[in-house]
Amino acid sequence: MSKKDQSPVIVSFVGQKGGVGKSALARLVAVGAAHRELNVLLADFDLEQLTCVSWNAKRLQSGVLPDIDVRAFKSLKKLVAAAKGFDLVVVDTRGLADNFTTEIVEESDLIFLPTGASFDDLDPTLALAKALRKKGTRRKIVLIFSKIGKSERQFSVAAASVEEAGHEILGETWPYRDGFQADLDAGRAGREAWNRYLRDAAIELENAIFERIGI
Ligand SMILES: Nc1ncnc2c1ncn2[C@@H]1O[C@H](COP(=O)(O)OP(=O)(O)O)[C@@H](O)[C@H]1O
Ligand SMILES: [Mg+2]
């Protein structure tokens, strides 16, 4: 399925905080896209950490398939030039909201804001979502709960406050499980989890994300 003459769909993971799963989810989506036989580029804009680029090095060393095209970028202009010919571009960003965040948000078709469900995490995320909208961003902003434990109530209380603030929240969450960390450390992501239960949870989230992207 090649769409050489069309612009790719661009989805970005942005956020005000580190450690909320931006890089983990960017990799989950890139792996999901490759399994869906989409031509995907995973663009790493976190030049200090290069999380996705380092992960891909481990992936290649361990021979994990399918191959994912992961590249580091410094400027949006370079990304736009490199993005031609891809079906989907997944953008991983730094853990802070700056001018680049505004630029990438404008260029993106969909923006995901992963966030913990605690107010410590949620409040800055709601503030960022509000600021992005104020800047005239008519693009879609979707929050995803990460670092979620096993309590249903944790999700429903936090989801209610997101909805009250007028933002969209994805119906599936990214649960915090030690196994996911071990998978990421070994160059795997999302549906590639070794543990069957984690795999199922990742696939549910992946399906919800792709349904929302509409690709
Ligand atoms: N669902 C999860 N369960 C367990 N560990 C996770 C999960 N998602 C991410 N991690 C780990 O938590 C840390 C932070 O996640 P990361 O995706 O890098 O966050 P961010 O990019 O927002 O800073 C990393 O060490 C990562 O391997
Ligand atoms: Mg990161």
(message) Condition first: over 21 Å from L126 (Cα atoms) and not aromatic (F, W, Y). Now tell me which residues in segment 159-182 satisfy that.
(response) R177, D178, G179, Q181, A182
(request) Could you list, in sequence order, all residues of segment 35-74 that are of a type in the set (V, I, T) and within 13 Å of E192 (Cβ to Cβ)? (result) V64, I68
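May I ask you to say which residue of T51, T115 is under 14 Å from the mean Cα position of the chain (by Cα), within 12 Å of ligand 2 (Cβ to nearest atom) and surrounded by 15 or more Cβ atoms within 10 Å (Cβ to Cβ)? If you could, list the steps in order and put the result at the bottom.
On the way: T115 fails: within 12 Å of ligand 2 (Cβ to nearest atom).
When all the criteria are applied, what remains is T51.
Against the definition (surrounded by 21 or more Cβ atoms within 10 Å (Cβ to Cβ), more than 16 Å from ligand 2 (Cβ to nearest atom) and not polar (S, T, N, Q)), how does V40 come out, yes or no? Walk me through it before giving the result.
Working: surrounded by 21 or more Cβ atoms within 10 Å (Cβ to Cβ): yes; more than 16 Å from ligand 2 (Cβ to nearest atom): yes; not polar (S, T, N, Q): yes.
Yes.
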(request) Would you check which residues across segment 7-35 are in contact with a Pro (Cβ under 7 Å, 6 or more places away or on another chain), closer than 14 Å to L113 by Cβ and more than 8 Å from ligand 1 (Cβ to nearest atom) and list them? (result) Q16
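Going by the structure shown, is V53 within 16 Å of ligand 1 (Cβ to nearest atom), part of a loop (DSSP other than H, G, I, E, B), more than 22 Å from L128 (Cα to Cα) and of a type in the set (A, V, I, L, M, F, W, C)?
Working: within 16 Å of ligand 1 (Cβ to nearest atom): yes; part of a loop (DSSP other than H, G, I, E, B): no; more than 22 Å from L128 (Cα to Cα): yes; of a type in the set (A, V, I, L, M, F, W, C): yes.
Criteria not met by V53.
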(request) Report, by residue number, each residue of segment 146-182 that is within 16 Å of ligand 2 (Cβ to nearest atom) and either part of a strand (DSSP E or B) or surrounded by 14 or more Cβ atoms within 10 Å (Cβ to Cβ) (or both). (result) S146, K147, W174, Y176, F180
(request) Go through (1) in contact with a helix residue (DSSP H, G or I) (Cβ under 6 Å, 6 or more places away or on another chain); (2) surrounded by 15 or more Cβ atoms within 10 Å (Cβ to Cβ) and name the single condition A129 misses. (result) (1)
(message) Taking the condition of being surrounded by fewer than 24 Cβ atoms within 10 Å (Cβ to Cβ) and either closer than 17 Å to I203 by Cβ or of a type in the set (S, T, N, Q) (or both), how many residues in segment 1-20 meet it?
(response) 4
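Coordinate-derived values only; no laboratory data. Every value quoted in this text rests on a predicted model; they were computed, and no experiment measured them. With ideal geometry, Cβ positions are generated from the backbone for all residues, glycine too; neighbour counts draw on all protein chains shown.
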